[in-house]
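Enquirer: Here's a structure for you.
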Amino acid sequence: MMEFFANNGSALITAIGEHIFLSLIALALGILVAVPLGILLSQFPKTADIVIGIASVLQTVPTLALLALMVPILGVGKIPSIVALFIYSLLPILRNAYLGMSGVDPTLVDAAKGMGMSTGQVIRKVQLPLAIPVIMAGIRLSAVYVVAWTTIAAYIGGGGLGEFIFNGLQTYRQDLIFGGTIPVIIIAIVMDLTAGYLEKRFSPKTSSSEVETDYA
Amino acid sequence: MIEYKKVTKVYDSDIVAVKDANITIEDGEFVCFIGTSGSGKTTALRLINRMHDPTEGEIFIDGENIQDYSPVNLRRKIGYAIQQTGLFPHMTVYENVVTVPRLLEWDEKKCRDTAERLMERVDLPIELLERYPSELSGGQQQRIGVIRALAANPGVVLMDEPFGALDPITRDALHDLVIELQEEYNNTFIFVTHDMDEALKLADRIAIWHEGEIIQYDTPENILSNPANDYVRSFIGQDRLFDAKTNNIKVREIMNDNPFTITPGKTVSDALTLMHEKRVDTLFVVDDYNKLLGRVTIEFIANVDDQSKNIMDIIDREIRPLRADDLIQNKLREVLRRGRSNIPVVDKSNILVGIITKTTLVNLTYNLIWDQDIAQEEILEEGLSE
């Protein structure tokens with residue numbers, strides 16, 4: 001164990017850094033695109049079915065195949081990895097953003113409109129706050145997926161903990177496999193807990209006596 | 001004033017929700033739209049604040065075509081309350097109440113004052129303003145729904161079956177509240193319901209909708225006494241029609257309109273003479289305008305030694321007259337309980353117009369009991385022949 005850290009310590013830290021970096025960038029891009037798109041789609045339910053259908057199809061492309069497809073288009077390295085991971089992160093976020101927005105009790109939307117809120121105000125003041133828990137759940141799910149998929153980015157030179165795992169597989173070295181896998185699991189759990197905390201944090205209050213509880 | 005002029009609303013090019021509606025709702029009037037589901041009543045309501053736009057025809061509020069307003073600006077001037085409250089769960093009661101004032105960009109102090117005044121008005125503690133709707137009972141939530149609709153003091157208030165989900169007692173209390181508030185602020189109310197009792201209780205006028213058309217638009221009394229057709233009759237229900245026949249008798253209709261009176265200047269002996277002459281034991285004291293002041297009875301006169309005393313010295317002012325427009329059904333029990341035989345009847349300005357005597361009551365009771373069977377049979381027959 002100590003020997004493993006002595007030999008691979010600095011490489012491991014670099015890999016963890018790369019892994020987190022790739023995941024977070026892909027996820028951030030996913031959020032930036034999918035959340036507004038989901039909100040927009042909730043205003044056009046007919047278009048929404050089509051767009052979500054397309055996104056679902058993209059989702060069925062195997063991760064490895066999508067990464068491989070990036071190589072002829074964008075070459076190897078971090079950029080194509082991030083693009084592929086970003087595409088993967090989209091669907092859970094998009095779908096939850098759409099479902100969250102359109103799942104808001106229609107009587108509330110009716111009341112808001114009926115009292116004279118503009119479409120923008122209805123979204124900002126009523127739908128979005130009430131959809132936050134569902135949207136955050138989508139982001140949380142996506143975060144965990146992206147951390148796992150980032151492992152495969154090593155195949156096209158994206159770096160990250162995948163390098164340890166693939167090297168380990170090729171050379172039958174268990175220490176490398178575990179050395180790559182365990183941090184991935186830890187990162188995924190930490191992401192999940194963080195997202196869970198944020199979900200709780202940003203969810204609207206609906207009770208004044210609500211006690212802050214740990215969310216895990 | 002709200003006017004529907006030849007308003008038609010068609011959904012999806014073939015579902016006719018409202019067909020050529022023409023009605024006028026006066027300022028300060030409380031109008032109920034009643035009908036079964038699919039009758040067009042809710043669509044008709046939602047046309048007013050442009051939640052729907054008419055396919056044909058126009059709606060005017062105070063002479064202005066509502067199509068000339070942007071929907072958002074129009075709606076901010078019109079109160080709106082819906083079924084199941086529509087309160088925003090993520091906002092405090094305060095934020096909910098001042099939704100429209102905030103949209104209208106009132107300053108914070110005015111918002112706060114308005115919210116507190118309305119909470120007091122509906123007997124809810126001010127502290128509740130800081131709570132969330134989920135922490136309130138159903139009745140409290142709907143009270144908040146009502147005051148939210150009234151917060152910006154709109155001229156027109158639309159309510160779409162707001163009390164449908166409440167228990168009868170809470171609902172009754174809210175009816176009283178809505179009536180009081182409407183009288184106080186004098187808004188025009190349009191209230192959609194499918195419950196005839198609710199409509200009868202609340203409305204100045206009722207519009208009965210059926211298959212997108214208004215079948216009858218009239219006061220509750222007229223609808224009960226003259227249902228436009230069999231549909232209205234069946235909608236009102238046999239029980240209510242029967243009750244209406246027996247219950248709508250006004251005091252004016254059964255009273256004896258020739259009470260014996262005496263004016264203040266007369267003496268006790270004058271009164272006694274008059275009583276003897278007319279063979280009565282009670283005289284009502286009225287002024288020159290026939291305004292009721294009190295009465296003198298034979299018991300009082302018998303206890304007076306000095307027959308030249310002014311009758312004003314022995315007048316009994318505790319008379320509690322009935323109003324000519326009171327419904328006898330509301331007063332009968334009171335009359336019988338009081339155990340007095342001669343009860344004066346006055347009009348709105350306290351002018352004596354008649355008297356209810358024991359004989360009147362005997363006649364009324366006789367008619368009610370014997371006519372009741374006849375009336376009931378008639379209605380049943382009408383019902384069967386439909």
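Readers should treat all values here as calculations from the given coordinates under stated rules, not as data from a laboratory. Source: prediction; values computed, not measured. Here the Cβ is made from the backbone with ideal geometry for all residues, glycine too, and neighbour counts use every protein chain on show.
Enquirer: Assigning unit charges at the beta carbon (Lys, Arg +1; Asp, Glu -1) and nothing else, what dipole magnitude in debye, to the nearest 20, does the range B:2-237 show about its Cα centre?
Expert: In debye, rounded to 20, the range B:2-237 gives about 460.
Enquirer: Dividing the convex hull volume of the Cα atoms of the range A:155-195 by its residue count, what figure in Å³ per residue is obtained? All intermediate terms of the calculation are to be shown ahead of the outcome.
Expert: Numbers: hull volume 2.3 nm³, N = 41.
Dividing the Cα hull volume of the range A:155-195 by its residue count gives 57 Å³.
Enquirer: Check which residues have an amide H placed less than 5 Å from residue B:40's amide H, if you skip close sequence neighbours.
Expert: Residues meeting the amide H criterion: B:212.
Enquirer: Given the rule -39500 (n - 2.57) for each run of at least 4 DSSP H residues, summed and divided by the residues of the protein assembly as shown, what is its mean residue ellipticity at 222 nm, to the nearest 500 deg cm²/dmol?
Expert: Values: 24 runs with 322 residues, N = 602.
Helices in the protein assembly as shown give a 222 nm mean residue ellipticity of -17000 deg cm²/dmol.
Enquirer: Please report the Cα spread of the protein assembly as shown along all three principal axes, rounded to whole Å, starting with the longest.
Expert: Principal extents (largest minus smallest coordinate, Cα): 133, 55, 45 Å.
Enquirer: Another question, if that's okay. Taking the Cα atoms only, what angle lies between the long axis of helix B:238-247 and the longest principal axis of chain B, rounded to 10 degrees?
Expert: The angle comes out at about 40 degrees.
Enquirer: Among B:226, B:37, B:361, which residue has its Cα furthest toward the positive end of the charge dipole of chain B, with +1 on Lys/Arg Cβ and -1 on Asp/Glu Cβ?
Expert: So the residue furthest toward the plus end is B:361.
Enquirer: Now for a separate question. For the range B:145-187, list residues with backbone N below 19 Å from a point placed 7 Å from the Cα of residue B:116 toward its Cβ?
Expert: Answer for the range B:145-187: B:147-148, B:151-153.
Enquirer: Which is farthest toward the positive dipole end of the protein assembly as shown among B:289, A:115, B:79, measuring Cα position about the Cα centre, with Cβ charges +1 (Lys, Arg) and -1 (Asp, Glu)?
Expert: Checking the options against the dipole of the protein assembly as shown, the answer is A:115.
Enquirer: Sticking with this one: I need the phi-derived Karplus couplings for the range B:314-320: 6.51 cos²θ - 1.76 cosθ + 1.60, θ = phi - 60°, integer Hz, Gly and Pro marked x.
Expert: 10, 5, 9, 8, 7, 10, 6
Enquirer: Only Lys, Arg, Asp and Glu count, each charged at its Cβ (+1, +1, -1, -1), so figure out the dipole size of the protein assembly as shown about its Cα centre, rounded to 20 debye.
Expert: The dipole of the protein assembly as shown has a size of about 1780 debye.
Enquirer: Mean-square fluctuation check for chain B, GNM, Cα pairs under 10 Å: which of B:357, B:297, B:43 is largest?
Expert: Of B:357, B:297, B:43, the Gaussian network model singles out B:297 as fluctuating most.
Enquirer: Continuing with this model, one more query. Got a sec to turn the phi values of the range B:199-209 into Karplus ³J(HN,Hα) couplings, 6.51 cos²θ - 1.76 cosθ + 1.60 with θ = phi - 60°, whole Hz, x for Gly and Pro?
Expert: 4, 4, 6, 8, 7, 7, 9, 10, 9, 9, 9
Enquirer: On average, how many beta carbons from a partner chain sit within 10 Å of the beta carbon of a residue in B:90-97?
Expert: Details: counts 10, 6, 3, 1, 0, 1, 1, 0.
Mean inter-chain Cβ contacts per residue within 10 Å come to 3.
Enquirer: Count the net charge of all other residues whose Cβ sits under 10 Å from the Cβ of residue B:54, scoring Lys and Arg as +1 and Asp and Glu as -1.
Expert: After counting each charged neighbour, the total is +1.
Enquirer: Quick check on the exposure proxy: order B:111, B:32 from fewest to most C-beta atoms within 10 angstrom.
Expert: Numbers: B:111 22, B:32 25.
Going from sparsest to densest Cβ surroundings: B:111, B:32.
Enquirer: Moving on. Once label points are set 7 Å from the Cα along Cα→Cβ at both residue B:126 and residue A:71, what is their separation, rounded to one decimal in nm?
Expert: It is 7.4 nm.
Enquirer: Moving to a separate point now. Using a 7 Å offset from Cα along Cα-Cβ at residue B:134, what residues in the range B:56-97 end up with backbone N under 19 Å from the label point?
Expert: B:84-97
Enquirer: Rounded to a whole number of µm²/s, how large is the Stokes-Einstein D of the range A:2-202 at 10 °C and 1.306 mPa s, given Rh as the Kirkwood radius over C-alpha pairs?
Expert: 87 µm²/s
Enquirer: Is there a quick way to get the dipole size of the range B:104-148? I mean about its Cα centre, with the Cβ of Lys and Arg at +1 and of Asp and Glu at -1; what is the value in debye to the nearest 20?
Expert: Details: 8 positive and 10 negative charges, 36 e Å.
In debye, rounded to 20, the range B:104-148 gives about 180.
Enquirer: For a Förster distance of 56 Å, can you work out the FRET efficiency between the beta-carbons of residue B:274 and residue B:23, rounded to the nearest 0.05?
Expert: Numbers: r = 55 Å, r/R0 = 0.99.
After rounding, the FRET efficiency stands at 0.50.
Enquirer: Take every DSSP beta bridge whose two residues both sit in the range B:252-363, then give the antiparallel share in percent to the nearest 5. Please list the in-between numbers first.
Expert: On the way: 13 of 17 bridges.
Restricted to the range B:252-363, the bridges split so that about 75 percent are antiparallel.
Enquirer: Summing Lys, Arg as +1 and Asp, Glu as -1, what charge do residues with Cβ under 11 Å from the Cβ of residue A:158 carry, residue A:158 excluded? Write out the running numbers ahead of the final one.
Expert: Details: positive: A:78; negative: A:18, A:163.
Net charge in that neighbourhood comes out at -1.
Enquirer: Shifting gears a bit: Kindly put B:30, B:191 in sequence by how many other C-beta atoms sit within 10 Å of each C-beta, fewest to most.
Expert: Details: B:30 21, B:191 27.
Fewest-to-most Cβ neighbours within 10 Å comes out as B:30, B:191.
Enquirer: I've got another one for you. Would you list, by chain and number, the aspartates and glutamates whose Cα falls below 14 Å from the Cα of residue B:19, excluding same-chain residues fewer than 8 positions away?
Expert: Leaving aside aspartates and glutamates fewer than 8 places away in the same chain, those within reach of residue B:19 are B:53, B:56, B:58, B:211, B:213.
Enquirer: Which value, in Å to one decimal place, does the Kirkwood hydrodynamic radius take for chain B when every pair of different Cα atoms is included?
Expert: Working: mean 1/r = 0.0406 Å⁻¹.
In chain B this quantity evaluates to 24.7 Å.
Enquirer: Further question: Straight-line reach from residue B:309: which lysines have a Cα under 24 Å away, not including same-chain ones fewer than 8 places off?
Expert: Output for residue B:309: B:266, B:278, B:291.
Enquirer: Working from Cα positions, state the angle (0 to 90°, nearest 10) between the long axis of helix B:138-150 and the longest principal axis of chain B.
Expert: Roughly 80 degrees, rounded to the nearest 10.
Enquirer: Dipole of chain B (Lys/Arg Cβ +1, Asp/Glu Cβ -1, origin at the Cα centre): which of B:264, B:349, B:216 lies farthest to the positive side?
Expert: B:264
Enquirer: Let me ask something else. For each of A:46, B:291, B:41, B:77, count neighbouring Cβ atoms within 10 Å of the residue's Cβ, then give the residues from fewest to most.
Expert: Values: A:46 7, B:291 13, B:41 29, B:77 17.
Least crowded to most crowded, the residues run A:46, B:291, B:77, B:41.
Enquirer: Next question. Could you check the simple spin-label distance between residue A:173 and residue B:53, using points 7 Å along Cα→Cβ, in nm with one decimal?
Expert: Placing both labels 7 Å along Cα→Cβ, they lie 7.1 nm apart.
Enquirer: Hey, another quick one. Calculate the length of the line joining the C-alpha centroid of the range A:168-211 to that of the range A:1-49, in whole Å.
Expert: Comparing the Cα centres of the range A:168-211 and the range A:1-49, I get a distance of 12 Å.
Enquirer: Right, next: Quick one: which residues, 5 or more positions from residue B:294 or on another chain, have an amide H under 5 Å from its amide H? H modelled 1.01 Å from N in the peptide plane, none for Pro or chain starts.
Expert: Placed amide hydrogens put B:285 under 5 Å from residue B:294.
Enquirer: Using DSSP H assignments, which helices in chain A have an axial alpha-carbon span of 27 Å or above and a mean Kyte-Doolittle hydropathy of 1.6 or higher?
Expert: Once both thresholds are applied, what remains is A:2-42, A:128-150.
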